[in-house]
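Written below as structure tokens is the structure these notes are about.
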Amino acid sequence: MQTSLNKNKQITDKEQLLEYFHSGCKPMSQWRIGTEHEKFAFNTKTLKPLSYEGQNGASGIRDLLLGLAENGWKPVVENQNIIALINPDNSSITLEPGGQVELSGAPLKNVHQTCGEVNGHLEEVKKVADRLGVGFIGLGYQPKWSIEDAEWMPKQRYKIMSEYMPKKGSLGHHMMLATCTVQVNLDFSSEAHMTQMFRVALALQPLATALWANSPFSKGKRNHFLSYRSHIWTDTDPDRCGIMPFVFDDNFGFESYIDYMLDVPMYFVHRNEKYINSAGQSFRDFIKGKLPAMPGELPTIKDWENHLTTAFPEVRLKRFIEMRGSDGGSSRNLCALPAFWVGLLYDHEALKQSLSIIDDWSYEEVSRMRDMVPVSALDTPFREGTLKDLAKSILEISEQGLKRRKNLDEKGRDETVFLKSLKAIAETGITPAQEILEKYSGEWGHNIDRIFEEYSY
């Protein structure tokens, strides 16, 4: 059962890190669903990304956050700048580096509730945004403007990250300033259960990337990818991104992930409302009191939690599991993601069937599939067929898993209603990116501005 933690407790050995992950185990009755999604905010007249303060009389991100604060959200302030909003239900609104606005949803019992939260949030921010001349669009990558057109948000951790990332890859700033994703966070009951869920989630993440592919444009033109966002992660930082080979080992568990995270170079340490630059340094040294940035000091549980957020694999472990491989998109696809993974991972029979499918998949096979998917999506070859064939069988398993959960809304519909858009994609093989490309080449006459008219929330 998940227990409360003393976040200020000092860490002196790996055993405490094992205890941290074990404290996340929860009985099935306490499993919840957390959905997060990012979206681009833009000026409705110029279509440009918002700056923080606003320019030439136009509203900025700060105005948007202040407007939402009037609805009861509590501001989070850093260096006198409002940088986030929180609610008593544990939901929050945060800023990505280029001003992308993220909802981190509350932990909820079923997909009906989490979809209601998504749609309610979009309605709320749209009411505030309409008054400010601001629009929102959900895509995996900024379709029109270059990263030079985005302004860095005034958050200390982003400055440290922005200085370090170019040392490790060429597309880190693109990831920070110009991408949006949707992800779902799910609980586990034990270490063994986590291992099963994680393996299925990581093996099938390329399929999720294909189904949600929605970033075929950059700088106002086709970029020859269907998920450019996914491609960007391949050249961001190999130390902290991608498909992790050890997950496919027989002995994979909490300790394997701890060893991985201890070898992920640090970014920072947070002390007294300040971020201390420790980029490239070792958490192993930190535990020994030998961190160059803070000699003689030991990390706390809160430091470990912060460090966990600085790795960006396709699936990430905290005291829950995060599925991170999908492009942002329409509200129906935002609701489809939790339905897809809940159907596969929160039903015992569906998880068992999924494990049997991926049982003999190798790291090399999954990694190769992941590298191809940004370009070919559901047309990606896989064994004797394509990912389109795999999508149909996996969606059937997910659908049956949701049916067995028997969670009904006020109209008597179960959670399978949220898979309809995915089933259509799997049947036709036409991803959101390909749907947009067809319009771009046809009725839009290669005018990228039309995407803001037709695909904004």
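You can think of it this way: the chain between Lys406 and Asp239 has 56.0 nm of extra reach, that is 0.36 nm per residue less the Cα-Cα gap. Amide H contacts under 5 Å for Ser326: Val182, restricted to partners 5 or more places along the chain or on a different chain, H placed in the peptide plane at 1.01 Å from N.
For Thr300, the residues whose amide H sits under 5 Å from its own are Ile11, ignoring neighbours fewer than 5 places away on the same chain, with H placed 1.01 Å from N. Neighbour counting of Cβ atoms within 10 Å sorts the residues Tyr141, Tyr52, fewest neighbours leading, into Tyr52, Tyr141. Computed over the stretch 281-362, the quotient of the alpha carbon radius of gyration and 2.2 N^0.38 Å is 1.58. Using θ = phi - 60° in the Karplus curve 6.51 cos²θ - 1.76 cosθ + 1.60, the 3J(HN,Hα) couplings for the stretch 100-107 round to 4, 9, 10, 9, 9, x, 6, x Hz; x is entered for Gly and Pro. Protection proxy ranking, highest mean first, for peptides 396-407, 199-210, 367-378: 199-210, 367-378, 396-407, where packing is the per-residue count of other beta-carbon atoms within 10 Å, averaged. How high is the FRET efficiency between Glu19 and Arg131 when r is their beta carbon distance and R₀ equals 45 Å, given to the nearest 0.05? So, using R0 = 45 Å, E works out to roughly 0.40. Peptides 126-138, 29-41, ordered by how many other C-beta atoms sit within 10 Å of their residues on average, highest first, read 29-41, 126-138.
With a simple spin-label model that places each label point 7 Å from the Cα along the Cα-to-Cβ direction, the separation between Glu148 and Asp89 comes to 4.4 nm. For Glu396 and Gln80, a Förster radius of 41 Å and the Cβ-Cβ distance give a FRET efficiency of 0.15, rounded to the nearest 0.05.
Above 23 Å, the calculated P(r) of the stretch 376-457 contains 44 percent of its Cα-Cα pairs. Here the calculated FRET efficiency for Glu53 and Lys219, from their Cβ-Cβ distance with R0 = 25 Å, stands at 0.50, rounded to the nearest 0.05. Fully extending the segment from Ala192 to Arg368 would add 60.7 nm, taking 0.36 nm per residue of separation and subtracting the current Cα-Cα distance. Normalised by residue count, the stretch 109-244 yields a Cα convex hull volume of 162 Å³ per residue.
On full extension, the segment bounded by Arg450 and Asp359 gains 28.3 nm, given 0.36 nm per residue less the C-alpha separation.
Here the chain is assigned +1 on the Cβ of each Lys and Arg and -1 on the Cβ of each Asp and Glu. Its dipole about the Cα centre then comes out at about 660 debye. Here the label points at Phe312 and Ser331, each 7 Å from Cα along the C-beta direction, are separated by 2.9 nm in the simple model. Scanning residues 5 or more positions from Phe382 or on other chains, those with amide H under 5 Å from its amide H are Leu387, with H placed 1.01 Å from N in the peptide plane.
Listed peptides 335-344, 315-324, 167-176, 380-389 appear in the order 335-344, 315-324, 167-176, 380-389 once ranked by packing, highest mean of other Cβ atoms within 10 Å at the front.
Read-outs throughout are calculated quantities, based only on the coordinates presented, and are distinct from any laboratory measurement. Small disclaimer: the values here were computed from a predicted structure and weren't measured. Cβ atoms come from the backbone with ideal geometry, glycine included; neighbour counts cover every protein chain shown.
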